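Here's the structure, in structure tokens; my notes come after.
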Amino acid sequence: MANKALGILSETIDLYNEAVIQIATPYSTGTGFYLAEYDLIVTNEHVIRENLKVVIAGENIDKSIVDVIYVDPLYDLAFLAAPKGQQLGRVELAKDEVLKQGMPVLAVGHPYGLKYTATQGIISNLLHEQKGINYIQHDAALNPGNSGGPLISSDARVIGVNTFIIKDGNNIGFSLPYSYLRDTLDEFRNGSNKPAVRCNSCLNIVFDEGGDIEYCPHCGSEIRLIKDIDPYNPTGVSKTIEAMLSTLGYNTDMSRRGPDHWEVERGSAKINISYYHKTGLIVGDAYLCSLPKDNIKALYTYLLRQNYELESLVFSVKGKDVIISLLIYDQYLNLDTCTKLMQHLMEKADHYDDILIDEYGALKKNENNLS
């Protein structure tokens, strides 16, 4: 019986691997999931807040930019347009599932930007009321980045949207029940899937029919349509970093990975760029290959020798990852200097990655995530 349960769990994880999606904006990262029945990506409103478009990626999805087409602060829901021409997994939303305390559940998502993780738990409470909504309380571990991911029943159906946790709580997570999601999806589909928002006063969904709409046509309360959201406009050091990325030929919209964090690729290397306001430090970390099982001493010796010879760059090892890093203080930053230093990092990262793999047996990375 235990082996059978493990088999079902493994099948469910594999099924959702192709339907669960990573989401990144200039302000945050999170999770979403694709529902073929509606041809939409579902996530939390707080994940995509103040964005007209977001970057997504998945197991079989190339990194791409998609439109936000529905926002709902009441239920903390948002819908994204599904990318065209991509192979997305097919998972089902529960229809008449009877939820009970003690039921086993599975939460999947991308916590802390990690690539696809799954945690198990049970439903502990079905009547946790907040702002008039009864949330599912469960103990499947949720972490930052899980927001917007699906809560899954033992028969592999979506029974909730993972929405929030109690800070410093011991695996106490809350998910919006599927009934709220299904009702919202059906109402949205009845409006022909036009961009829409939910009015916070009368709770009606207001569709963008064209023209300027400042007030809810049902109750007269002030509303703001998606098209009226101001696009992200970086300033200061962040603006300089994005100008540098553009100069080097990168799409800045596709490169953003949360507040003051960017990710690009150069050859086989992945480069993370972060700006830390408190210290005034800009860090470029180029993640190269992974340590091999054999011949590690020779690889370490080579890295130490290169550290002695390199200028402005330094090798390090974090876990299994080999990293080459660049540090710049913002007081010395200008576009020309930033561009030259980052270009040097990228060129060396691609160069050394090939050497470590071809000559020292390091393991090539094969990741397609947003972090």
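All of the numbers you see were taken from the coordinates with simple rules; none came from a lab. Not measured: the values here are computed from a predicted model. We place every Cβ from the backbone using ideal geometry, glycine too, and count neighbours over all the protein chains shown.
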For this session: Tell me, for the chain, which Cys residues have no other cysteine's C-beta sitting closer than 4.7 Å.
Result: CYS289, CYS338
Seminar exercise, completed: Scoring the chain by relative contact order with C-alpha pairs under 8 Å, at least six apart, yields a percentage of 14 percent
Exercise. Add -39500 (n - 2.57) for each DSSP H run of 4 or more in the chain, then divide by its residues: what number comes out at 222 nm, to the nearest 500 deg cm²/dmol?
Worked result: -7500 deg cm²/dmol
Exercise. What residue among ASP353, ASP212, ASP72 has the largest mean-square fluctuation in a Gaussian network model of the chain, using Cα springs under 10 Å?
Worked result: ASP212
Exercise. Separation between the ASP358 and ASP183 pseudo-spin-labels, each 7 Å from Cα along Cα→Cβ, expressed in nm?
Worked result: 6.2 nm
Exercise. Can you list, largest first and rounded to whole Å, the semi-axes you get for the chain by taking the square root of 5 times each eigenvalue of its Cα gyration tensor?
Worked result: 40, 27, 17
Exercise. Arranged by the count of other C-beta atoms within 10 angstrom, fewest first, what order do THR163, THR25, THR301 take?
Worked result: THR301, THR25, THR163
For this session: Pick out, in residue order, every one of the trypsin sites (Lys or Arg not before Pro) in region 133-186 that is DSSP loop and has at most 12 other C-beta atoms within 10 Å; say none if there are none.
Result: LYS167
For this session: Using a Gaussian network model of the chain whose springs link C-alpha atoms within less than 10 Å, name the residue from PRO292, PRO26, PRO73 with the highest mean-square fluctuation.
Result: PRO292
Exercise. Over all distinct Cα pairs, what is the inverse of the mean 1/r for region 92-179, reported as the Kirkwood hydrodynamic radius in Å?
Worked result: 12.7 Å
For this session: Between ARG224 and THR337, with labels modelled 7 Å along Cα→Cβ, what's the label distance in nm to one decimal, could you check?
Result: 3.7 nm
For this session: Mind jotting down the distance between the C-alpha centroids of region 265-332 and region 51-117, whole Å?
Result: 33 Å
Exercise. Given 4 °C and 1.567 mPa s, how large is the Stokes-Einstein diffusion coefficient of region 219-337 in µm²/s, with Rh as the Kirkwood radius over Cα pairs?
Worked result: 77 µm²/s
Seminar exercise, completed: Compactness summary of region 9-102: radius of gyration and Dmax from Cα atoms, Å, are 13.7, 41
